[in-house]
(Lines give C-alpha, C1' and ligand atoms only; values in the text may rest on other atoms or scores of the structure.)
Protein backbone atom coordinates (compact mmCIF):
# COMPACT_ATOMS: atom_id res chain seq x y z
CA UNK A 1 0.00 0.00 0.00
CA UNK A 2 2.84 2.38 0.88
CA UNK A 3 4.53 1.60 -2.44
CA UNK A 4 1.41 2.50 -4.43
CA UNK A 5 0.85 5.75 -2.53
CA UNK A 6 4.48 6.77 -3.01
CA UNK A 7 4.25 6.11 -6.74
CA UNK A 8 1.15 8.27 -6.94
CA UNK A 9 2.91 11.06 -5.05
CA UNK A 10 5.92 10.97 -7.39
CA UNK A 11 3.73 10.91 -10.51
CA UNK A 12 1.71 13.83 -9.20
CA UNK A 13 4.87 15.74 -8.37
CA UNK A 14 6.28 15.15 -11.86
CA UNK A 15 3.06 16.32 -13.49
CA UNK A 16 3.06 19.55 -11.47
CA UNK A 17 6.72 20.21 -12.29
CA UNK A 18 6.33 19.43 -15.99
CA UNK A 19 3.04 21.17 -16.72
CA UNK A 20 2.94 24.10 -14.30
CA UNK A 21 6.19 25.04 -12.57
CA UNK A 22 8.89 24.52 -15.23
CA UNK A 23 7.07 26.49 -17.95
CA UNK A 24 6.84 29.45 -15.55
CA UNK A 25 10.39 29.16 -14.21
CA UNK A 26 12.19 28.79 -17.53
CA UNK A 27 10.48 31.00 -20.10
CA UNK A 28 13.43 32.79 -21.65
CA UNK A 29 15.51 30.98 -24.29
CA UNK A 30 18.67 32.65 -25.56
CA UNK A 31 22.24 31.57 -26.10
CA UNK A 32 25.19 31.16 -28.43
CA UNK A 33 24.44 30.11 -32.01
CA UNK A 34 27.26 27.74 -32.76
CA UNK A 35 26.87 27.86 -36.55
CA UNK A 36 27.31 31.63 -36.54
CA UNK A 37 30.65 31.37 -34.75
CA UNK A 38 33.96 30.94 -36.56
CA UNK A 39 35.68 27.57 -36.25
CA UNK A 40 37.26 24.85 -38.37
CA UNK A 41 36.56 22.11 -35.83
CA UNK A 42 33.79 22.17 -33.23
CA UNK A 43 34.31 19.49 -30.58
CA UNK A 44 31.13 18.85 -28.58
CA UNK A 45 31.20 17.07 -25.22
CA UNK A 46 27.74 15.80 -24.37
CA UNK A 47 26.32 16.98 -21.01
CA UNK A 48 29.58 18.66 -19.99
CA UNK A 49 29.31 21.07 -17.06
CA UNK A 50 31.40 24.21 -17.12
CA UNK A 51 32.80 23.78 -13.60
CA UNK A 52 33.99 20.22 -14.17
CA UNK A 53 35.46 21.15 -17.55
CA UNK A 54 37.30 24.15 -16.13
CA UNK A 55 38.86 22.04 -13.37
CA UNK A 56 39.91 19.34 -15.82
CA UNK A 57 41.44 21.88 -18.20
CA UNK A 58 43.41 23.39 -15.32
CA UNK A 59 44.53 19.96 -14.10
CA UNK A 60 45.90 19.20 -17.56
CA UNK A 61 47.33 22.73 -18.01
CA UNK A 62 45.62 22.89 -21.42
CA UNK A 63 45.33 26.68 -21.41
CA UNK A 64 49.10 26.93 -21.06
CA UNK A 65 49.97 24.10 -23.47
CA UNK A 66 47.86 25.43 -26.33
CA UNK A 67 47.53 29.11 -25.42
CA UNK A 68 43.80 28.39 -25.23
CA UNK A 69 41.07 30.85 -24.25
CA UNK A 70 38.23 29.55 -22.09
CA UNK A 71 34.98 31.31 -21.28
CA UNK A 72 31.50 30.43 -20.10
CA UNK A 73 28.66 30.78 -22.61
CA UNK A 74 24.92 30.09 -22.59
CA UNK A 75 23.70 27.13 -24.61
CA UNK A 76 20.46 27.32 -26.58
CA UNK A 77 19.54 23.87 -25.29
CA UNK A 78 19.33 22.13 -21.94
CA UNK A 79 19.36 18.71 -23.60
CA UNK A 80 20.65 17.43 -26.96
CA UNK A 81 17.34 17.55 -28.91
CA UNK A 82 16.65 21.18 -27.95
CA UNK A 83 20.28 22.13 -28.69
CA UNK A 84 20.11 20.56 -32.14
CA UNK A 85 16.72 22.07 -32.94
CA UNK A 86 17.71 25.62 -31.97
CA UNK A 87 21.10 25.53 -33.67
CA UNK A 88 20.45 23.53 -36.84
CA UNK A 89 16.71 23.41 -37.57
CA UNK A 90 15.55 27.00 -37.06
CA UNK A 91 15.79 27.90 -40.74
CA UNK A 92 16.24 26.34 -44.16
CA UNK A 93 19.95 27.09 -44.12
CA UNK A 94 22.27 24.22 -45.02
CA UNK A 95 25.91 23.76 -44.12
CA UNK A 96 27.44 22.02 -47.10
CA UNK A 97 30.96 22.70 -45.84
CA UNK A 98 30.43 20.78 -42.58
CA UNK A 99 30.62 17.06 -41.75
CA UNK A 100 28.96 16.04 -38.47
CA UNK A 101 30.52 13.09 -36.63
CA UNK A 102 27.89 11.96 -34.11
CA UNK A 103 28.08 9.50 -31.24
CA UNK A 104 24.58 10.48 -30.07
CA UNK A 105 21.52 8.73 -31.58
CA UNK A 106 19.55 12.00 -31.22
CA UNK A 107 21.21 13.20 -34.44
CA UNK A 108 19.23 10.49 -36.27
CA UNK A 109 15.91 11.30 -34.60
CA UNK A 110 16.22 15.03 -35.26
CA UNK A 111 16.92 14.26 -38.93
CA UNK A 112 19.81 16.65 -39.39
CA UNK A 113 21.19 14.58 -42.27
CA UNK A 114 20.00 17.03 -44.91
CA UNK A 115 21.45 20.03 -43.07
CA UNK A 116 25.12 19.06 -43.47
CA UNK A 117 27.34 17.73 -46.23
CA UNK A 118 27.41 14.45 -44.35
CA UNK A 119 26.30 13.16 -40.95
CA UNK A 120 28.34 10.18 -39.81
CA UNK A 121 26.24 8.20 -37.32
CA UNK A 122 29.09 6.53 -35.43
CA UNK A 123 26.68 4.93 -32.94
CA UNK A 124 25.14 2.84 -35.75
CA UNK A 125 28.30 0.86 -36.45
CA UNK A 126 30.47 1.41 -33.37
CA UNK A 127 28.00 1.00 -30.52
CA UNK A 128 29.55 -0.88 -27.59
CA UNK A 129 27.22 -3.53 -26.19
CA UNK A 130 29.52 -3.91 -23.22
CA UNK A 131 29.31 -0.23 -22.23
CA UNK A 132 25.99 0.62 -23.95
CA UNK A 133 27.49 3.74 -25.48
CA UNK A 134 30.05 4.87 -28.07
CA UNK A 135 33.60 4.97 -26.77
CA UNK A 136 35.62 8.13 -27.55
CA UNK A 137 38.23 6.19 -29.49
CA UNK A 138 35.57 5.20 -32.05
CA UNK A 139 34.55 8.83 -32.57
CA UNK A 140 38.21 9.81 -32.92
CA UNK A 141 38.93 7.11 -35.52
CA UNK A 142 35.81 7.96 -37.49
CA UNK A 143 36.79 11.61 -37.58
CA UNK A 144 40.35 10.81 -38.71
CA UNK A 145 39.02 8.62 -41.51
CA UNK A 146 36.63 11.25 -42.90
CA UNK A 147 39.02 14.15 -42.36
CA UNK A 148 41.45 12.41 -44.71
CA UNK A 149 38.70 11.87 -47.28
CA UNK A 150 37.49 15.48 -47.03
CA UNK A 151 40.45 17.61 -45.90
CA UNK A 152 38.79 20.89 -46.88
CA UNK A 153 35.59 20.40 -44.88
CA UNK A 154 34.83 21.73 -41.42
CA UNK A 155 33.88 19.18 -38.77
CA UNK A 156 31.59 18.92 -35.77
CA UNK A 157 32.94 16.10 -33.58
CA UNK A 158 30.24 15.11 -31.07
CA UNK A 159 31.49 12.80 -28.31
CA UNK A 160 28.87 11.30 -26.01
CA UNK A 161 30.95 11.52 -22.82
CA UNK A 162 30.81 12.71 -20.04
CA UNK A 163 27.12 11.75 -20.46
CA UNK A 164 26.36 8.43 -18.75
CA UNK A 165 26.58 5.43 -19.03
CA UNK A 166 29.54 5.80 -16.69
CA UNK A 167 32.40 3.75 -18.09
CA UNK A 168 33.66 2.74 -14.64
CA UNK A 169 30.44 0.92 -13.67
CA UNK A 170 28.37 -1.89 -15.09
CA UNK A 171 25.96 -0.13 -17.48
CA UNK A 172 22.25 0.22 -16.75
CA UNK A 173 19.76 0.31 -19.59
CA UNK A 174 19.10 4.01 -20.09
CA UNK A 175 18.18 6.90 -22.35
CA UNK A 176 20.77 6.34 -25.09
CA UNK A 177 19.95 2.67 -25.41
CA UNK A 178 16.23 3.51 -25.29
CA UNK A 179 16.54 6.08 -28.08
CA UNK A 180 18.42 3.62 -30.25
CA UNK A 181 16.01 0.74 -29.61
CA UNK A 182 12.67 2.54 -29.46
CA UNK A 183 13.00 5.11 -32.24
CA UNK A 184 15.38 3.39 -34.62
CA UNK A 185 14.90 -0.34 -34.20
CA UNK A 186 11.24 -0.06 -33.07
CA UNK A 187 11.73 -2.32 -30.07
CA UNK A 188 9.50 -2.27 -27.01
CA UNK A 189 11.38 -0.86 -24.06
CA UNK A 190 10.66 -0.70 -20.37
CA UNK A 191 12.80 1.43 -18.06
CA UNK A 192 12.24 0.77 -14.37
CA UNK A 193 12.77 3.78 -12.15
CA UNK A 194 15.28 2.98 -9.43
CA UNK A 195 14.27 5.70 -6.95
CA UNK A 196 11.14 6.12 -4.88
CA UNK A 197 12.34 9.27 -3.15
CA UNK A 198 9.89 12.17 -3.65
CA UNK A 199 12.66 14.66 -2.78
CA UNK A 200 14.94 13.54 -5.59
CA UNK A 201 14.06 14.16 -9.25
CA UNK A 202 15.88 12.00 -11.76
CA UNK A 203 15.49 13.54 -15.20
CA UNK A 204 17.59 10.62 -16.43
CA UNK A 205 16.21 7.56 -14.65
CA UNK A 206 19.31 5.30 -14.73
CA UNK A 207 21.15 7.82 -12.51
CA UNK A 208 18.75 6.88 -9.72
CA UNK A 209 20.58 3.57 -9.23
CA UNK A 210 23.70 5.35 -7.97
CA UNK A 211 24.52 7.31 -4.83
CA UNK A 212 25.45 10.99 -5.14
CA UNK A 213 29.09 10.07 -4.60
CA UNK A 214 28.98 7.38 -7.28
CA UNK A 215 27.31 9.72 -9.77
CA UNK A 216 29.95 12.42 -9.33
CA UNK A 217 32.79 9.90 -9.49
CA UNK A 218 31.36 8.30 -12.66
CA UNK A 219 30.80 11.68 -14.29
CA UNK A 220 34.37 12.80 -13.54
CA UNK A 221 35.71 9.46 -14.80
CA UNK A 222 33.88 9.86 -18.12
CA UNK A 223 35.16 13.40 -18.49
CA UNK A 224 38.76 12.33 -17.94
CA UNK A 225 38.41 9.53 -20.50
CA UNK A 226 37.01 11.77 -23.23
CA UNK A 227 39.45 14.59 -22.47
CA UNK A 228 42.34 12.25 -23.32
CA UNK A 229 41.00 12.17 -26.87
CA UNK A 230 40.15 15.86 -26.97
CA UNK A 231 43.71 16.68 -25.96
CA UNK A 232 45.03 14.34 -28.65
CA UNK A 233 42.97 16.23 -31.24
CA UNK A 234 44.27 19.56 -29.96
CA UNK A 235 47.81 18.35 -30.65
CA UNK A 236 46.97 17.08 -34.13
CA UNK A 237 44.56 19.59 -35.67
CA UNK A 238 45.39 22.81 -37.48
CA UNK A 239 43.12 25.85 -37.57
CA UNK A 240 40.60 27.24 -35.10
CA UNK A 241 39.34 24.57 -32.73
CA UNK A 242 36.44 25.15 -30.34
CA UNK A 243 35.62 22.75 -27.51
CA UNK A 244 32.13 23.17 -26.08
CA UNK A 245 29.07 21.26 -24.82
CA UNK A 246 25.49 20.93 -25.99
CA UNK A 247 24.33 21.30 -22.37
CA UNK A 248 25.41 20.64 -18.80
CA UNK A 249 24.30 18.10 -16.20
CA UNK A 250 22.54 18.34 -12.85
CA UNK A 251 24.34 16.31 -10.20
CA UNK A 252 22.13 16.92 -7.20
CA UNK A 253 21.59 20.68 -7.42
CA UNK A 254 18.53 21.83 -5.52
CA UNK A 255 15.54 23.29 -7.35
CA UNK A 256 12.40 24.10 -5.37
CA UNK A 257 13.92 22.27 -2.41
CA UNK A 258 14.43 19.01 -4.31
CA UNK A 259 17.66 17.48 -5.61
CA UNK A 260 17.77 17.14 -9.40
CA UNK A 261 19.86 14.82 -11.55
CA UNK A 262 20.36 14.67 -15.32
CA UNK A 263 18.96 17.11 -17.86
CA UNK A 264 15.75 18.02 -19.67
CA UNK A 265 14.54 20.52 -22.27
CA UNK A 266 12.04 21.72 -19.66
CA UNK A 267 14.69 22.77 -17.14
CA UNK A 268 16.88 25.70 -18.16
CA UNK A 269 18.75 25.75 -14.89
CA UNK A 270 22.04 27.65 -14.81
CA UNK A 271 24.03 24.43 -14.45
CA UNK A 272 22.45 23.01 -17.59
CA UNK A 273 22.80 26.00 -19.91
CA UNK A 274 26.16 27.47 -18.88
CA UNK A 275 28.73 25.55 -20.91
CA UNK A 276 32.42 25.84 -21.80
CA UNK A 277 33.65 27.59 -24.94
CA UNK A 278 37.37 26.95 -25.30
CA UNK A 279 39.19 28.28 -28.36
CA UNK A 280 42.53 26.99 -29.61
CA UNK A 281 44.33 28.53 -32.58
CA UNK A 282 46.74 26.07 -34.18
CA UNK A 283 48.81 27.29 -37.10
Count - residues of the stretch 112-133 that are outside any loop (DSSP other than H, G, I, E, B) and loosely packed, with under 14 Cβ neighbours inside 10 Å: 2
Cβ-Cβ under 6 Å pairs, at least 6 apart or on other chains, the stretch 221-248 side on the phi > 0 side of the Ramachandran plot and part of a strand (DSSP E or B), far side modelled with pLDDT of 95 or more and surrounded by fewer than 24 Cβ atoms within 10 Å (Cβ to Cβ): 239/40
Only one of 104, 111, 40 that is at pLDDT 95 or above and either over 24 Å from residue 152 (Cβ atoms) or touching a strand residue (DSSP E or B) at 6+ places or on another chain (Cβ under 7 Å) (or both): 40
Criterion: loosely packed, with under 14 Cβ neighbours inside 10 Å and at pLDDT 80 or above - qualifying residue of 152, 187: 152
Residues within the stretch 72-85 that are surrounded by fewer than 18 Cβ atoms within 10 Å (Cβ to Cβ) and in contact with a strand residue (DSSP E or B) (Cβ under 9 Å, 6 or more places away or on another chain), tallied: 3
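Okay, residues lined up against (1) in contact with a helix residue (DSSP H, G or I) (Cβ under 9 Å, 6 or more places away or on another chain); (2) free of Cβ contacts under 8 Å to residues at least 60 places away in the same chain; (3) part of a helix (DSSP H, G or I):
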{"position": "45", "(1), (2), (3)": "yes, no, no"}
{"position": "48", "(1), (2), (3)": "yes, no, no"}
{"position": "53", "(1), (2), (3)": "yes, no, yes"}
{"position": "58", "(1), (2), (3)": "no, yes, yes"}
{"position": "70", "(1), (2), (3)": "yes, no, no"}
{"position": "78", "(1), (2), (3)": "yes, no, no"}
{"position": "83", "(1), (2), (3)": "yes, no, yes"}
{"position": "96", "(1), (2), (3)": "no, yes, no"}
Any hit, the stretch 201-222, residues being surrounded by 19 or more Cβ atoms within 10 Å (Cβ to Cβ), modelled with pLDDT of 95 or more and under 14 Å from the mean Cα position of the chain (by Cα): yes
Members of the stretch 249-283 found to be assigned to a helix (DSSP H, G or I) and in contact (Cβ under 8 Å) with a residue 40 or more places away in the chain, listed by number: 271, 272, 273
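The values are calculated or read from the model by the stated rules, or taken from the named source; none is laboratory data. Since the structure is predicted, the reported quantities are computational estimates derived from the model, not experimental observations. Counting neighbours? That spans all protein chains shown, and the Cβs are built from the backbone with ideal geometry, glycine included.
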